[in-house]
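Here's the structure we're looking at; comments come further down.
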Amino acid sequence: MQGNTCHRMSFHPGRGCPRGRGGHGARPSAPAFRPQNLRLLHPQQPPVQYQYEPPKLLKPVWIRCTHSENYYSSDPMDQVGDSTVVGTSRLRDLYDKFEEELGSRQEKAKAARPPWEPPKTKLDEDLESSSESECESDEDSTCSSSSDSEVFDVIAEIKRKKAHPDRLHDELWYNDPGQVRMFLCCVLAVKVADPHITFMTPGSEDAIKPCRPMTNNAGRLFHYRITVSPPTNFLTDRPTVIEYDDHEYIFEGFSMFAHAPLTNIPLCKVIRFNIDYTIHFIEEMMPENFCVKGLELFSLFLFRDILELYDWNLKGPLFEDSPPCCPRFHFMPRFVRFLPDGGKEVLSMHQILLYLLRCSKALVPEEEIANMLQWEELEWQKYAEECKGMIVTNPGTKPSSVRIDQLDREQFNPDVITFPIIVHFGIRPAQLSYAGDPQYQKLWKSYVKLRHLLANSPKVKQTDKQKLAQREEALQKIRQKNTMRREVTVELSSQGFWKTGIRSDVCQHAMMLPVLTHHIRYHQCLMHLDKLIGYTFQDRCLLQLAMTHPSHHLNFGMNPDHARNSLSNCGIRQPKYGDRKVHHMHMRKKGINTLINIMSRLGQDDPTPSRINHNERLEFLGDAVVEFLTSVHLYYLFPSLEEGGLATYRTAIVQNQHLAMLAKKLELDRFMLYAHGPDLCRESDLRHAMANCFEALIGAVYLEGSLEEAKQLFGRLLFNDPDLREVWLNYPLHPLQLQEPNTDRQLIETSPVLQKLTEFEEAIGVIFTHVRLLARAFTLRTVGFNHLTLGHNQRMEFLGDSIMQLVATEYLFIHFPDHHEGHLTLLRSSLVNNRTQAKVAEELGMQEYAITNDKTKRPVALRTKTLADLLESFIAALYIDKDLEYVHTFMNVCFFPRLKEFILNQDWNDPKSQLQQCCLTLRTEGKEPDIPLYKTLQTVGPSHARTYTVAVYFKGERIGCGKGPSIQQAEMGAAMDALEKYNFPQMAHQKRFIERKYRQELKEMRWEREHQEKEPDDTEDIKK
């Protein structure tokens, strides 16, 4: 707390700034305390949302389609409704042929196979019984996933999938329609109607009237080109190419046709292959030569028959009496060639269907197998290279389609001719590899734990080193087992396989579409939430962030197991992976080393968007806003209620149970993004998450809108009755303001107390309109009722605390974007506490102006708590007489510059917490951790002025001793003594870490401290 003095600061308009530092310990002068200079650290705009669009994504100069070739008619006399082209009879014949040969091929193959009745498991019985009697959930209800019988059900479900007679190979996993996640840890998720969507779709999604199938419906569809950046893993050396009219048309992605314009929808971000991808949807001129029926035929062939995305629902919730409706999006594959003058030619949809029909041939025809085996090696290699990377399908099998990685024709038995072998390099699901093995997980946890313990141990024994090496070797052995490896090699007979003409690049792009549609549909539903809250967000990402629970991760937009199976079977063979830390780089917050790393970061001068993509930080801000609004309204509405009563009422309003009720009014449970799992199975946990989501929403409204917007929203939700709402929102003025509506400064001439306070006004540069508010702020509790102040400062202290919490919270939220909620709380507690507040009050000389009942008028030494109360009361008076802008600037000058010193000295952690963290790093494996124990050794002095002596013990040894006027302060002193004397490796590590990171800053800080210590001595010498 040394340094950063703000004693005798001047805030005079037009004068220079005080000698304190403005900013994070920097030396430039702070601005004068003028209204136009307020909110220097309180930008009204929300955190910047950067949207990067690479140059390659720019639109081409112009676009055209290939010839219609009598498949389409653009004659205005033939058009129906809002179309620009209509399909001819020739196109209708093509559709019939495609549906007969390819569209119904899978269904025919399945129908030709003998039916298989899978054995029932306890899971099926639970589902049947749940339809008759719903499970009652209450406060004590627990998730049933913890029982052994249900774990067994998951294993039984895996065994049942393995036993399917149509399974293509033991190491290839397949998708079933209506299936929930294969490896769910919570059986309750089976009962969810749409389990792959992690938010409940609101009823704002209305059914869409079906499109006319034989037209392009150009008047009711909006066209967007879909592209992904960066292009890593989406640009392959073997793309799907269609030859037409002596030109090659290369696959570049998909076109999306939406039934509504995609306005105010942010870019879609997703992590895939440990890489941050952005899915762009770029509005372009619509390619005309297509009909909706052709798009749907292709979609069914690709997404249902090839990729088996059975649970990808684009129509919304359907019921038995639902009328026929249209998918919300239609997709068209884009095969293009670039024209010399900067244009682009897109292949018409009928040519794509013709290409698929031409390619639909047996991979190895049975009648030509003998001839193919006689081919020259060069000719066979050429054919195998052509097939490499192609998707082939075996109708009726599970899975039906795989990617060819090699095609071998070796004949092991010369007397028997066998079909060539398809070699597919796949990936075993993580839950069935070493990563999901309970023995491996247990061993890995023990290995990491021991490694951490040894890293913090002052002396490492040789036996411990050997134990660590043994565990590492055991882990390696498990990884190398054939049954545990992630990578698998699958060999299949090519008999029965058909070419599709599709390569893995098409599947790779196709697997991004569920993510995009999930993102778009969710943001369209959020527009309904805008109406419920009465405020329209300009920054849609901010609203989504407020609704995102920490458990939510959008990687697939549908059933994750289905997506992983399809990617493994049909995606590219060897995707390039990024740094695996991308998943937790900005999300990890546990562990002492993570704590030290994050808490050692200094604040940023310019607002930067946070990379933490859930709502905990916004909930931290919203909590302060809700508490501030509640405190202010209660303070004004109940002018005669003491501090304790105000605190009781505030607790009733801001408690989670009540906030969850307000969240229910807004139907936030229908908009929350969360992953269904054991964390939110209990009703109480879900209500707590809803309360946090509500606070995050209030924080987002405050951040983008204003305090007034948050106040109006909170008031509307608190009271349904218009009269009560009016009373809550339009509270009266302070009683001192009501007595003298304009100003009470005319009373200064007749009041010595007020005359003295003008000196304080002169010192800080603020002239109060109602100076009696300042007098009330300095009136201690011991002073009885008087007509000058109408009471003491305890009610103001109640209000000032909430004001400081809000201002400090907002500053930390904006300037510390890498800090999680817990880290921000630690920083805030280092600013808004009795010690810091008392220090600032002392530097401003507030104790000299305290109004007491002492008749002698002698200077009184005030306790730390009393000084802190004085400062909080002053903050409340400043807010009541002026506004929040003045409080922001005051804290900008007197409080926030101290953050740099707190961070560099690690004063954000109190000594007791720091000592306990250091002791826990020295715990021994397999034993209960040793924690410091405090014992009171001595108590001396009278009851009103006792002195306590406390010692702290660790592992039976006394490591520190401290004294203080209370047991708590004595314990703090003992902990500080222990940290200085005991050799904790963690403390040495922290000091080295800070020294290396901020060597120059620490040097400057020490120089300033020495300079400040010399100043009083120089002043004394001058006086002498």
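Based on the alpha-carbon gyration tensor of region 471-582 and its eigenvalue square roots a ≥ b ≥ c, which shape applies: rounded if a/c is under 1.5, prolate if not and a/b is larger than b/c, or oblate? Oblate. The phi-based Karplus calculation (6.51 cos²θ - 1.76 cosθ + 1.60; θ = phi - 60°) puts the 3J(HN,Hα) values of region 367-382 at 6, 10, 5, 5, 5, 5, 5, 8, 4, 5, 4, 5, 5, 5, 4, 5 Hz, whole numbers, x for Gly and Pro.
When only alpha carbons are used to place a centre, region 863-938 and region 480-556 end up 44 Å from one another. Solvent-accessible surface of protein heavy atoms, probed at 1.4 angstrom with all chains present, puts K912, K665 in the order K665, K912, largest first.
For the pair D166 and D96, the difference between a 0.36 nm per residue extended length and the Cα-Cα distance amounts to 22.3 nm. Around the amide H of L780, modelled in the peptide plane, lie the amide H atoms of I851, all under 5 Å away and 5 or more residues distant in sequence or on another chain. Look at where the Cα atoms of region 347-382 and of region 241-282 average out, and the two centres are 29 Å apart. Listed cross-link partners K912/K997; K269/K576; K442/K477; K461/K997; K269/K293; K269/K581 are compared with a 22 Å cut-off, the Cα-Cα value being larger for K912/K997; K461/K997; K269/K293. Subtracting the Cα-Cα distance of W62 and E487 from 0.36 nm times their residue separation leaves 148.5 nm of extension gain. Full extension of the chain segment joining E117 with Q739 gains 215.4 nm, where the gain is 0.36 nm per residue of separation less the Cα-Cα distance. Taking amide H as placed 1.01 Å from N in the peptide plane, the amide H of G253 sits under 5 Å from that of R334, each at least 5 places away or on another chain.
Each Lys or Arg adds one and each Asp or Glu subtracts one; over the other residues with Cβ under 13 Å from the Cβ of V654, this totals -3.
Residues whose amide H falls under 5 Å from that of Q406, counting only those 5 or more places apart or on a different chain, are V423, with hydrogens built in the peptide plane. Solvent exposure of D276, expressed as accessible area, is near 100 Å², computed with a probe of 1.4 Å over the protein chains only. Using the Karplus relation 6.51 cos²θ - 1.76 cosθ + 1.60 with θ = phi - 60°, the per-residue 3J(HN,Hα) values for region 748-764 come to 4, 4, 9, 10, x, 4, 5, 4, 5, 5, 5, 5, 5, 4, 5, 5, 9 Hz, with x marking Gly and Pro.
Take the Cα of Q476, step 7 Å toward its Cβ, do the same at K665, and the gap between the two points is 6.3 nm. Summing +1 for each Lys or Arg and -1 for each Asp or Glu among the other residues whose beta-carbon sits under 10 angstrom from that of K398 gives 0.
In terms of packing, defined here as the mean over residues of other Cβ atoms within 10 angstrom, the peptides 253-263, 900-910 line up highest first as 900-910, 253-263.
Taking the centroid of alpha carbons for each part, region 421-457 and region 627-698 are 41 Å apart. Ordered by solvent-accessible area of protein heavy atoms (1.4 Å probe), largest first, the residues R409, R573 come out as R573, R409. For region 434-485, the square roots a ≥ b ≥ c of the C-alpha gyration tensor eigenvalues yield an a/c of 1.5 or more together with a/b exceeding b/c, which makes the shape prolate. For region 738-790, what does the alpha-carbon gyration tensor say about shape, rounded, prolate or oblate, given a ≥ b ≥ c as the root eigenvalues, a/c under 1.5 as rounded, and a/b over b/c as prolate? Taking the square roots of the gyration eigenvalues as a ≥ b ≥ c, region 738-790 is oblate.
The 3J(HN,Hα) values that the Karplus relation (6.51, -1.76, 1.60; θ = phi - 60°) gives for region 328-343 are, in residue order, 6, 9, 10, 10, 10, x, 9, 10, 10, 9, 8, 8, x, 8, x, x Hz. Gly and Pro appear as x.
Cβ-Cβ distance of K981 and N597, R₀ of 25 Å, FRET efficiency by 1/(1 + (r/R0)^6): the value works out to about 0.40.
Among S631, S360, the sequence by solvent-accessible area, most first, with a 1.4 Å probe is S360, S631. Given R0 = 35 Å, the distance between the Cβ atoms of A455 and Y310 translates into a calculated FRET efficiency of 0.15.
The values are calculated or read from the model by the stated rules, or taken from the named source; none is laboratory data. The structure presented is a predicted model; accordingly, all values stated were derived computationally and were not measured. All Cβ positions, glycine included, derive from the backbone under ideal geometry; neighbour counts span all protein chains shown. Note: areas computed on protein heavy atoms with side chains; ligands, DNA, RNA excluded. Shrake-Rupley method; radii C 1.70, N 1.55, O 1.52, S 1.80 Å.
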